[in-house]
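Have a look at the structure below, then the notes.
Nothing in this text is a laboratory measurement; each read-out follows from the coordinates by a stated rule. What you are looking at is a predicted structure, and each value in this text was computed from that prediction instead of being measured. Heads up, the Cβs are rebuilt from the backbone with ideal geometry, glycines too, and the neighbour counts pull from every protein chain shown.
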Amino acid sequence: MSALATPGGRALSAAVVSAVPLLVFLALLAYFGARAPGFLDPATLILILKQAIPTAVLGVGLSFVVIGGGDDVVAGGIDLSVPSIAVLSAAIIADQLAFHGTGTLAAVLLGFMAAVAAGLCNAVLVTRIGMTPLLATLASSTAFIGFSKLVTANRRIDLSDPLIVTLRDGTVAGLPLGLLAATALIVIAIAAVHRSRWGLRLQAVGGNRDAAVIAGLDARRFVAQSFLIAGVFGGLASLFVLARGSGSTPGVAETLLMETVLATFLGAAFSPRRVVTVWGAALGAILVSALSIGFGSVGVDVFWTGCVKGGLILVVVAAAAVARRSRT
Amino acid sequence: MSRLASLPSLVGSGRAAFARHGFLAVVGLAIVGFAVANPSFLSLANLVNIVSGAVIPLIVGLAMTLVVALGAIDLSVGVALDFGSAFAIVALKDYGVPWYLAVAIGIAGGTLVGVVNALVVVRFRVSAFLGTLGVFFIGGSLQRIFTNGGGPISFRRLPTEYYDLAVGDLYGIPIRILIAAALVVGYFLLLERSALGRKIHAVGQQSRAARVAGLPVGAIVAFGFVCAGATAAVGGLIASANLRMFTPLAGNAYLMDAIAAVFIGASMHRDGRPNVPGTLTGVLFLAMVANGLNLMGLDFNLKDALSGVILVAALAFSVIQHRRRT
């Protein structure tokens, strides 16, 4: 492209380009802070964090798959079914609690079993049958959403179960309980991926599958495990989805998917090597949530938010692509 | 003796034939199953019903075949379909344009979506998946903004010619089937019988080799996205003529089936490439399953779950078939 540019100048422009998504975000947040007086209050910040929980947990689940499968979206690792797994698990838990008189623990266990089974199904489709993750999870997500409609008859189910209410409203030492629980989950996930031998191997498999196999790693096993873990996180997220919505609502899977993909790939913009990371996904979720609440508080029409988020996806990935091009 | 010696190769070729045509065996089984469950499945009226119901999915499937043949994917075909429908209906209703102009405007609407995709993917080098996902969300949001939340725009006094796109017939053959047939032939000639088609497959199989060989890869990919957008818009024209309204976000319903049909079709190809006859088979199979499940009188939600499972199973089967051959 720029044959005349010096290497130093090229590196600088790459750094600038790859900072564009973050700059756009910071500019938007500053704008909200200036326009909506209450936007930077602690109460609003807590609300932003609480609203971010389901997306953050889902994004963490998705990032396991992306890290283990490589970040080429078509051929590498992607799990588009994590949000629909959460919706399916939430549907089962809500249905059991509301209409079958099942105990809280048993209902949650049933939902979890469905989520793990769904993750297992993805793992089999990808590692045994050999479907590309994109195709496998796109197809399986339609099946999961179909099952969740079957379970709930496509109706909203209100919940007032103590567990769900505690997760929504409970506080420990002044901090929301749900937030603490989610933070603990995310910290465990960060430790597993970025601070353990298993995590290093998972990253090796995703970074260069051939090299990892030559080094003696069973790549297929790691990929299968990443899909299983994504299923588990889908199940965990279902509790937070139920808490945020005070029950199970049909049709939330698409919004969740959009926010999860945005948060996870936006998170890559924070990492020094511009790769998807667990903590990046969690941070991305917080930014996405801040954006949603910010747009609400300056009175932007709710129909515009999809437009803005879709535009942000494009800005983020285009900046990453341009930065990669100018680096090589 | 010589017959014995040739036996293994006979078995081998039998297995290869099953691997390639195994999906047709599944289609046959499905037909028998649905016919047993409800004899009216095989009635002429119902078969015509299946084929004419498959027209819009087929058109979207053709668009997807082209993009997947380029080694990409287009998640925004539904948006292109909706834009085609919206542009045409608004042109007819608010500007009173003649029907042929409305058709042109609708196709221009879908082309616009294709141009945006081409810009994002070719110019900004965004991966086709994430780029078209972004366009998918933006397109959906624009439709909500435009319709103030997603209410349909209906126009009962459509010009007859426009209405006939969906319900009319020519010498007893429904016009929508003629449109689909013309597109099938056009896409077949483009992808399987033309120099451009060779180049498209070359880009899809080995993009770097194609570039080294001097092909204008960017221009070919851009052509694919634009052509796919325009094609999907034709589906939108038929949909809007059929219901005499523009229904926001209706196009997304065709996305999954289009992708599934393309991959089912690719599994039936000698080299596992997306191809027009394969997509046609895949679309008809999915339309048949939907129709058969309807005739069984199942609960709506159960049908949704079942068709999801069948989708996964059909795709898994076609991938296994493809792997067994290579």
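Details
- To the nearest ten degrees, helix B:217-243 and the longest principal axis of the Cα atoms of chain B are 70 degrees apart.
- Candidates A:Ala153, A:Ala182, A:Ala136: whichever shows maximal mean-square fluctuation once chain A is modelled as a Gaussian network with Cα springs under 10 Å: A:Ala153
- Placing +1 on each Lys and Arg Cβ and -1 on each Asp and Glu Cβ, with no other charges, gives the protein assembly as shown a dipole about its Cα centre of roughly 1800 debye.
- Note on A:Leu45/A:Ala215: beta-carbon distance plugged into 1/(1 + (r/R0)^6) with R0 of 45 Å gives a FRET efficiency of 0.50.
- Pairs of C-alpha atoms in chain A farther apart than 38 Å represent 15 percent of all such pairs.
- Span per principal axis, largest first, for the Cα atoms of segment A:168-325 (Å): 55, 41, 31
- Kirkwood-type radius of segment A:181-262, with distances r between different C-alpha atoms, in Å: 14.7 Å
- As a rough footprinting exposure proxy, the listed residues A:Asp41, A:Asp210 were ranked by other beta carbons within 10 Å of their own, and the order from fewest upward is A:Asp210, A:Asp41.
- A Cα-only calculation for segment B:54-252 places Rg and Dmax at 17.0, 55 Å.
- Between helix B:44-53 and chain B: long-axis angle, C-alpha atoms, 0 to 90°, nearest 10: 70 degrees
- Hits among lysines - C-alpha to C-alpha of B:Lys303 under 28 Å, sequence gap 8 or more where chains match: A:Lys149
- One Cα centroid belongs to segment A:95-110, the other to segment A:79-93; the line between them spans 16 Å.
- Separation in nanometres of the label points that stand 7 Å from Cα toward Cβ, at A:Val172 and B:Tyr95: 6.2 nm
- Dipole of the protein assembly as shown, positive direction: furthest Cα of B:Val126, A:Thr305, A:Pro162, with charges on the beta-carbon: B:Val126
- In terms of surrounding Cβ atoms within a 10 Å radius of their Cβ, A:Glu259, B:Glu161 rank from fewest to most as B:Glu161, A:Glu259.
- Kirkwood-Stokes translational diffusion coefficient of the protein assembly as shown, alpha-carbon pairs, 37 °C, 0.692 mPa s, µm²/s: 126 µm²/s
- Full extension of the chain between A:Val187 and A:Arg155 yields a length gain of 8.0 nm, computed as 0.36 nm times the residue separation minus the alpha carbon distance.
- Pairs of alpha carbons in segment A:23-105 whose separation is greater than 15 Å (percent): 74 percent
- Computed over chain B with a Gaussian network model linking Cα atoms closer than 10 Å, the most mobile of B:Leu165, B:Leu133, B:Leu302 is B:Leu302.
- Within a Gaussian network of chain A (alpha carbon springs, distance under 10 Å), most fluctuating of A:Gly146, A:Gly70, A:Gly119: A:Gly146
- Segment B:18-80 and segment B:164-238: distance between their alpha carbon centers, rounded to Å: 18 Å
- Basic side chains Lys and Arg get +1 at the Cβ, acidic Asp and Glu get -1 at the Cβ, and with that the dipole of chain B about its Cα centre reaches some 1060 debye.
- Counting only Cβ charges, +1 for Lys and Arg and -1 for Asp and Glu, the dipole size of segment A:52-310 around its Cα centre is about 480 debye.
- Local net charge near A:Ala52, Cβ-Cβ under 13 Å (Lys/Arg +1, Asp/Glu -1): +1
- Cα centroid separation, segment B:88-112 to segment A:181-196: 54 Å.
- On Cα atoms only, tilt of B:300-325 relative to the major axis of chain B in degrees: 50 degrees
- Local electrostatic count, B:Gly224, Cβ distance below 11 Å [Lys/Arg +1, Asp/Glu -1]: 0
- Potential extension, B:Leu249-B:Val32 segment - 0.36 nm per residue separation minus Cα distance: 74.6 nm
- Proxy reagent accessibility, fewest Cβ within 10 Å first, across A:Ser226, B:Ser141, A:Ser160, B:Ser267: A:Ser160, B:Ser141, B:Ser267, A:Ser226
- 25 °C / 0.890 mPa s Stokes-Einstein diffusion coefficient of segment B:149-251, Kirkwood radius on C-alpha pairs, µm²/s: 152 µm²/s
- Local electrostatic count, A:Ala91, Cβ distance below 12 Å [Lys/Arg +1, Asp/Glu -1]: +2
- Given charges at Cβ of Lys, Arg, Asp, Glu: chain A dipole, positive-most of A:Ala117, A:Gly245, A:Val205: A:Val205
- Each of B:Ile179, B:Ala209, B:Val116 was scored by the projection of its Cα onto the charge dipole of segment B:54-252, and the greatest displacement toward the positive side belongs to B:Ala209; charges sit on the C-beta of Lys, Arg, Asp and Glu.
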